[in-house]
Each structure stands twice: as structure tokens, then as C-alpha cells.
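Working notes, beginning with the structure itself.
Throughout, read-outs are computed from the coordinates displayed, never taken from laboratory work. Worth saying up front: this structure is predicted, and the values here are computed from it rather than measured. Note that each Cβ is placed from the backbone with ideal geometry, even for glycine, and that neighbours are counted across all protein chains shown.
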Amino acid sequence: MQASDRFNINSQLEHLQAKYVGTGHADLNRFEWAVNIQRDSYASYIGHYPMLAYFALAENESIGRERYNFMQKMLLPCGLPPEREDD
Amino acid sequence: MYLYSLTLQRATGIVSAINGNFSGGKAQEIVVARGKVLDLLRPDENGKIQTVLSVEIFGAIRSLAQFRLTGAQKDYIVVGSDSGRIVILEYNKERNVFDKIHQETFGKSGCRRIVPGQYLAVDPKGRAVMIGACEKQKLVYVLNRDTVARLTISSPLEAHKSHTICYSVCGVDCGFDNPIFAAIELDYSEADQDSTGQAASEAQKNLTFYELDLGLNHVSRKWSEQVDNGANMLVTVPGGGDGPSGILVCAENFVIYKNQGHPDVRAVIPRRADLPAERGVLIVSAATHKQKSMFFFLLQTEYGDIFKVTLDHENDKVKELKIKYFDTIPVTSSMCVLKSGFLFAASEFGNHALYQFQAIGEEEDVEASSATLMETEEGFQPVFFQPRGLKNLVRIDQVESLMPIMDMKVANLFDEETPQIFSLCGRGPRSSLRILRPGLAISEMAVSQLPGVPSAVWTVKRNLSDEFDAYIVVSFNNATLVLSIGETVEEVSDSGFLDTTPSLAVSLIGDDSLMQIHPNGIRHIREDGRINEWRTPGKRTIVKVGSNRLQVVIALSGGELIYFEVDMTGQLMEVEKHEMSGDVACLDIAPVPEGRQRSRFLAVGSYDNTIRVLSLDPDDCMQILSVQSVSAPPESLLFLEVQASIGGEDGADHPASLFLNAGLQTGVLFRTVVDMVTGQLSDSRSRFLGLRAPKLFSINVRGRRAMLCLSSRPWLGYIHQGHFLLTPLSYETLEYAASFSSDQCAEGVVAVAGDALRIFTIERLGETFNETAIPLRYTPRKFVLQPKRKLLVIIESDQGAYTAEEREAAKKEFFEAAGMGENGSANAEKMENGDDDDKDDPLSDEQYGYPKTETDKWVSCIRVLDPSHLMFLVSTLQSFHFCKYRRDENQLYIFADDSVPRWLTASYHVDFDTMAGADKFGNVYFVRLPQDVSDEIEEDPTGGKIKWEQGKLNGAPNKAVENASCMGQ
């Protein structure tokens, strides 16, 4: 493998990460990973109408309210981010 | 693993609904998405919803929108789904299908966070469509016409914004200026970085306008402004001369009018007086009504209350926004206001409904306005109201919906021929136990006792041009009874029919005379009362008859066929004789084709297990055209013309095919195709109908010939949506039947069974199940059947609801307060508004829902139900545990568990060692005890060994093995 290829692969990865939200990388921390999982889950619940209906039944809320609640939870799905260690 | 699935009942819940003129013309139509099924509905002239077309799309529909090109007469349908594509459909009236006009792929399939499909918005002038995702991505497609007026679509234009959640999108009506789309957006990038939480608390929703520059073919962010942080939905406000343009932002507790360069106009959404203070009011569905001179919006809250929103405006300047209480109906997922004065409400749970507008909320009612909005230290001053009976809407039709099915079991509790399906449906006050029986529902119009046990029944018109039947003729073993149909049905003796003998057939013959065939001859009753009798030669008797309006064939004992035709003068003339090899079992003549003198085919069934088709044409009269051998002697024959299965509503382009149906003595219905020219039989099929030989009768269904088959249960063969269906009727065993048409009942059936004469109509054609619903109090969760005592035990519960006692007390208090406070005027109003069926309870829970309380409260009940009048350990968090019970110690020992914790939602005990389960994330799987563990348990009846065994991996000593699993959704 030549040196230029490696740069190429790296740049391709970066491109993917920018294009597809949630694509992982080597330095991903636990919090970021969890946030992505949660946001993907909420988006999936919102997209699958039967899932929304299922939650709405369990919580005795309307489907519209349940959808709104899930959207709201996408802001901080795992609470506040941990303090960053200065490097 | 191979799975085979057959849909018995298609999905009945509705995800999204849109309305428009999809077939062109004037008819108002509704397109509904039921998850993976797309339906076209149309209210008929009686206000009944009819399903015109139902298509399985093999995907999940998430959003629908309709648009119309300028100057065009029909609407197109845009579908947002999980396919990673945008699809534009056009309804083809001629072929009764949705034609796929465009299908553009833009992303991965599946319901993903950043793949568009969740939101759809169209430019009100039909020039562009925006398709958006929950996060980041939005694509705009430009729609246009080519030189031959076909719809064209551009390549996508991106309107993406990273790290941004999107709540809603809609088109902005700006006439013929560049198309604009509005979106509620929330940027989370800073909140994700800031560990102090300050950025998160300051996160602000924005309303952003995206402009599509048609000249540059480019989308740009035109304008963005802060919007209430509770915003969840956008509604287009008419513009371009029809209104002030701009949009309505629906937020928690507020509706706000916004437009670029216009100050916000905000009004508070009135709230129910009994709503806990910490709960907000959220708009969940919206509909717009637009006429030339005015427009208004109907917004429905999460509690079911509909508000009428009007804008007071001068040109582009909105002066006041008013929100007036309109009516309360069950919470909807979509509402459609039809131009014909109907409101279609697609309920999120339970039955859907069609309402008619009686008024448009012009009368005095609770109203919130932007002009009277009061801001105090605690925020904006709320406006309160009390829900009341329907004032502006009246319900005229219901569409059954089983959604949500909470539990279901199949059992034969009523000892019927087929088992019943018991299902728990609905939620809260609208929940019910539904008993489903395969078959079409029947509505019985009359049952009357007859003096003996009848053997047959016919109906007959007096004249070919008559709309309704004149007589019902009932034959007994030794007599014939004639009943005349008028205001009432009564016996008559002046009809000319011979009443001292049984009858074999009674029908209209020629244009205006009647024919009665009895064992000894044919009685021909002319219009003027003259009677001609034809007597059988010698001592032979007539055994079987086949006839249509102009031709009669009789079979004498011994197997001789005699063929008669009606001549020009209306006389019945003998034409031909033919000797069959043995006795005739049954006969039928095809109906006379339109514009012809005679039908060409006679079918004769014999006891030697054959069916022969004979010619009735003058040049080869009584020649055998074809022979079909069958497995048992035929009992009854019927020619039925069926339109080809493809084709439009009228099917004019597709010639009908002629089918010969035969009911065999073994209970099998045998069907073959008859070549219309040669009479050759081909493509035979058979189907078992019941324990008795099916008798076949021709009746009318929706103005077309259909077939009624009477075996141990009745079946109806008819055409529905271009398909021929053979479905059982939910009715008892019948002996003989005929079609029935009178003033009160246009398309009915008269039948005899036992010593009773029954008149009934067949309802809701096209449905598979006939259901009986028993209302329940709270959302049913699970039930068990007790087959021995024929009992059902149901558990019901609801979160955040008051108990029945608290509810009664609150209701009483309210009515007392209302009655005293307004000097009895509230009572008078109550009388006026109360529905007929619940006069005492103008606030029926079914319509208004249970009032909400704090979320930590809950109610439940266990119900033991006797519908004949009318326990393995599963943990929701930890998957399956296999336990052993020791009676002497009264203890449970967990000896095996699952290796993966799962959030179980359903489980089933498959066999001794195997459990099937389903979890919250859409997985279905099987776990089984390893053979050695199973054997060990068998050999250790005391369980002493397990008691002292060490646990593995913080769990039970043994692990069950997963056998098969598959991912659903």
C-alpha cells in the first residue's frame, strides 16, 4: 500500500462521516456513541407508525403527543455531555 | 425456516389521509395510507364510504401529499415511505389502478434519521415538492409539464442543514412568485458540546423559509426567525389573492401566525376546565377549508377537541387570529374537509368516521383571540371551555377499525361450524371486545312463520319493465302459496296461480305473462288473465326445470327433455324433444344475451356423474356440445357471466366470460369456463362449501348478477373491485332462496328455512369478517379463555385516568354547578344537544375521552365476561426463566434462563421445551432448553439438585439456546 492511498482512505472516511450522521470513528467516546444510538432510535420510532402507536398505548397519550415528545428528546437524549478533558 | 403468511383482514388503522379529485371529474375522493396498504375511498350519494381501490405497496408509508398542476383537473399523489424514494402516483379511472408516474431514488431504504420520507410538503400551486427527514436532509423536486402535458420531475435540489432536527415542513402560498417551503428547525450542535447545560437550555427552535429560485434552479435559506419552543406543526395559510399568505405555527398551548416581515399574531388554545395545570395542549391534526370568499382551519388537539381558526386580515396584514371551540370527536391522525360538505376523520385508534357539516361554527362559543391575549407574570392567561355535544358536525358513517389489537385468540366458544376470533381492540373509553366470524354481515328485514314447511320460494315481476317484484310464491309439498308485495306482504288468491299443487318453477315469461310449472304441466298466465295449460303426456311428471325469459326446458321422469320457446305472439311453443340416457338431476339455461332472441346453451346434469352442454340454436338443436365428468352427481347448475378480473369500474373493454357452476352432492362447488362460441368447457376448479349439496341461485348484487350457494351455510359469489369473490354469509342454513326487490328494499334476498320465510339484505360487501362488539371500560391488555365454562377474563388498565368513582363525582359536581350557576339554562341546553342514544349522558366518554390526570395515577379492572349471551414465567425485562415448582417447600427454582435479556412483549409456549417470544424492538425468536438439561429435569422430580447448583454468569445454572430469530418491523 502506498502512502497516497492511505490519505485517500482517510479522506474518504471523513467524507462518509460528514455525509452520514452517526458514522463511527476511532476516537468516538462513549457519550457520542450513546447519543447517536438514542437519536437513531427515536427517529426510528417516529418513522414506524406502529411503534408510535405502541408507545402511545402504553403511556395513554395521543400519537401526535408521543411523536412530539420523541422529537423533543432528540435534543439531549443522554443528558448533558461529560466535561472535556483539556489536552 | 420458511414462513408463509396469508392476510385475512387487511390493516384497518390509518397513518395518513389526503383528499382531492384523483379520478378527475367532480367526485371528492380520499386516499388513505394504512401502513403498507394504500386505499382510495369515495363517499357515495348516501354518504357511505366505499373503498374503490386497495393496493398493497410492500413498504411502510409515512407521509402522503396531493398536488395539482395549474389548470389541471385532477390531483396527483406524492408518497413518502421507507423506500428511500419519492413516488408520484396518478389514479387511472379506466383500469382502476394507481399508475406510477415517477419514482426517484435519493437514499438508503428504511426509516432512518437522515433519509427523507418523514415529511412531505407541496407548493400550493403544484410547482415543487419538498421531502424531508427528521434530521438534516431536505430535498426539493421541481414539478412541471412537458410539451405533451405529461408531468415531469427534476433532479433533487438540496436544502440540507447539519445538526438540525426538523419538526414539520409545509408549503407557503405565495401565488406565482418563487415557491417557498417553511420548516420548524432546532439546532443541537452547541447543546452536544456544552457540558454546563447552558446551551441546551438556550436551544431555540427556528422557523425557516426555503426559497426555490425557479430561474436559477437553486434552493436557498431565505429567512429564519425564532419561534415558540413548543412549536410542533405548520399549516399553510392561503395567499396570492385568496388570503394573507404566511403560515400558522401550532405550538404547545398556542397558535401563532407568522410571515416574513410581519409581526407575530398569537392566540392561546382554549383548554378543558378539568385539565391538570401542568399539562399542555398540543395540536395533532389540521385541515383547511378554502372557498372563493373565505377560508378557515380546523385544528384538533390531543384530547380530541376541534377548534376553528380564522384570520381577520386586510390584504397581507393579519389583524386578529381567532380560535373558537368547534366540536369534539375522537382524536384523529388526519382530517379531510371535502368540498361536498363532509369531514373525514381518520381516527388514530378505533373506528374512523365521516361527518357532515351542519354549521361552520358561526354561532356564539368559547373563543380565544389574539386581540384579548393577556400576559401576566405567570405567562399568558388561559381560556377555559367545557366540551359539549356535537353542534356543527353530525356523524353519518363509520368505517370499522380494529386498531389497536391488544390481544387475540381463536376458539370455538359458540360451537359453530368455524371457530370465532376473539380480539381486544381500541383503547380507553373506545375499547371493545370484538368477536369476528368469517362471512358477510346480514341485516334481517323480516321473518314470518308459514303454515307448513316450504320446499321452495320464488319472486316474480308482473311486467319486464317493472322495477319491483309483484309476488312471492312459496311451494309446499302439496300446495302453493302466493303472497303479493305491496305496503305489506299478504296472501292473495286472484293471481291465477294454481294453489292446489306444489310448484317446480315460477317466473316471468315473455314481456308480461307469468309461468308456473308444476309436476303435471305448465300453466301460462297471460297479462289479460287468460290461462293456457300444457299437460304432460301420459302419466309422466315433470321433475326438473330450466328457464329464462324466453326459453323453457323441462325434464320428464325417465329422462326426456322438452324444449319450449316464446314466439312473437307471446305463446309458449314446443320446439324440440330429446331423450337423455337416464334421469336428469338438474338443468339450467343461460340468460338471454342482450339484443338476442335466445340463449345458445342448456346445461344438463345427470346421475351418471356428468354434465352436458346442449345447443338450443335452431340449426343444431339439442345436440351435445361438450361433456364434463364430475366426482359426484350434480345437484344444481347455474350459468353466471363474470367480467374479467382486470378492467375498470364498468369493465366495458373486457368481454365477460361465462362460467358454469355446479353444486355436487358431496358439498363441492364445481366451476368451469364455457366457451361463448363453441360451448366447450375448460379450466375447471372446485371448492368445498359445506356438508350439504350446494343449491345455486341467481340474485342481484349492486345491479349485477351474483350467485347465492346454499350449502350447510350460505355463500355469495359476487364481483367486488373487479374481482370475483366467493364468501360465506354469517347466517343460518337456508333451503331455497330468490332475489327480492321492493320499495323498501332494493336488493334483498327472500329465503325459506324450516317453516319460516326470511327477507334479508347483505351488507358491507367486500369485508371478510362479520363482527360483534362488546364495549369495555379501559384499554384491554390481555385476556384468557375458559373453554369449560365459556368465560373470558379480561384485564383492563389505563394510565393517567380517574377511577370510575372519582369520575362520577366530578361529573355530578360539574352538572350541579352548571345547573345552579346559570339558573337551569345549562339543563335546557343539555336537552337540546344530547344525542338520542345517550340523553342522560351528554358527555359520553366514547366521544370525549377520559379526562387526564397526573401521570402517576392509574386505573384498572378485571372483567369476567360471558360472551355466550351476548399460566412459564415471563419477565418484561429479562426474557424467559424456566422454573420448577416444589410443592413441599412452596418455592420456585429458576433452573434455566435466556442468555440475552430481552424486553418481552408477547410469549407463547410452543412445546414442552420451547418458548416463542417477541420483544419491544421488533424481534421474534424461539428459545429451547438443551436436550441434556431437559432430560436432567425429567430425571430429578424433586428438584433437589437444582436447589444447590451454582448459578452461571449471575443467572441460572443452565442457559436456554436460541433457535431461530427474525427481525420484524
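Our coupling estimate for region B:150-157, obtained by passing each phi through the Karplus curve with A = 6.51, B = -1.76, C = 1.60 and θ = phi - 60°, is 8, 6, 10, 10, 8, 6, x, 10 Hz, Gly and Pro reported as x. Taking the Cα centre of the protein assembly as shown as origin and assigning +1 to Lys and Arg Cβ atoms and -1 to Asp and Glu Cβ atoms, the resulting dipole is close to 1740 debye. Each 10 Å bin, from zero up to the one with the longest distance, holds this percent of the alpha carbon pairs of region B:398-476: 13, 25, 22, 17, 19, 2. Based on the alpha-carbon gyration tensor of region B:132-270 and its eigenvalue square roots a ≥ b ≥ c, which shape applies: rounded if a/c is under 1.5, prolate if not and a/b is larger than b/c, or oblate? The shape class here is oblate. In a reduced charge model with +1 at each Lys and Arg Cβ and -1 at each Asp and Glu Cβ, chain A shows a dipole moment near 380 debye about its Cα centre. Cβ-Cβ distance of residue B:411 and residue B:10, R₀ of 35 Å, FRET efficiency by 1/(1 + (r/R0)^6): the value works out to about 0.90.
Proximity of backbone amide H atoms, modeled 1.01 Å from N, is registered between residue B:480 and B:500, B:501 at under 5 Å, excluding neighbours fewer than 5 places apart on the same chain. Within straight-line reach of residue B:138, meaning a Cα separation under 29 Å, sit the following lysines at least 8 residues removed in sequence or on another chain: A:19, A:73, B:36, B:74, B:100, B:108, B:125, B:161, B:205, B:222, B:258, B:290. The residue among B:383, B:359, B:411 whose Cα reaches farthest toward the positive pole of the charge dipole of region B:353-421, with charges on the beta-carbon of Lys, Arg, Asp and Glu, is B:411. Amide H contacts of residue B:245: B:239, B:240, each under 5 Å away and 5 or more positions distant or on a separate chain (H built 1.01 Å from N in the peptide plane; Pro and chain starts excluded). Relative to a virtual label point 7 Å from the Cα of residue B:577 in the Cα→beta-carbon direction, which members of region B:523-563 show backbone nitrogen distances below 11 Å? Counting backbone N atoms under 11 Å from the label point, the list is B:537-538, B:560-563.
With N denoting the number of residues in region A:1-72, provide Rg(C-alpha) divided by 2.2 N^0.38 Å, to two decimal places. Intermediate results must be reported in sequence, preceding the final value.
On the way: Rg = 18.3 Å, N = 72, 2.2 N^0.38 = 11.2 Å.
Expressed relative to 2.2 N^0.38 Å, the Cα Rg reads 1.64.
With a 10 Å cut-off around each Cβ of B:772-778, the average count of Cβ atoms from other chains is 0.
Estimated purely from DSSP H runs of n ≥ 4, each contributing -39500 (n - 2.57), the mean residue ellipticity at 222 nm for chain B is -1500 deg cm²/dmol once divided by its residues. For the residues of A:69-76, the average number of beta carbons from a partner chain within 10 Å of their own beta carbon is 5. The order of the peptides B:894-905, B:29-40, B:127-138 by mean Cβ neighbours within 10 Å, most packed first, is B:127-138, B:29-40, B:894-905.
Using the Karplus relation 6.51 cos²θ - 1.76 cosθ + 1.60 with θ = phi - 60°, the per-residue 3J(HN,Hα) values for region B:10-18 come to 5, 3, 10, x, 10, 7, 7, 9, 9 Hz, with x marking Gly and Pro. Backbone geometry of region B:29-37 corresponds, through the Karplus equation with coefficients 6.51, -1.76 and 1.60 at θ = phi - 60°, to 3J(HN,Hα) couplings of 10, 10, 10, 10, 9, 10, x, 9, 10 Hz, x marking Gly and Pro. Dividing the convex hull volume of the alpha-carbon atoms in the protein assembly as shown by its residue count gives 276 Å³ per residue. A dipole drawn for chain B from +1 and -1 charges on Cβ atoms has a positive end, and of B:40, B:929, B:87 the residue lying farthest that way is B:929. Amide H to amide H distances under 5 Å link residue B:223 with B:209, where only residues 5 or more positions off or on other chains count and H is placed in the peptide plane.
Sorted by mean Cβ packing within 10 Å, highest first, what order do the peptides B:504-517, B:482-495 take? Write out the running numbers ahead of the final one.
Working: B:504-517: 21.6, B:482-495: 14.1.
Top to bottom by mean Cβ count within 10 Å: B:504-517, B:482-495.
Charges at C-beta only: +1 for Lys and Arg, -1 for Asp and Glu. How large is the resulting dipole of chain B about its Cα centre, in Debye rounded to 20?
On the way: 97 positive and 132 negative charges, 376 e Å.
Dipole size: approximately 1800 debye.
Mean partner shielding of peptide A:50-61, defined as the number of other chain Cβ atoms within 10 Å of each residue Cβ, is 6.
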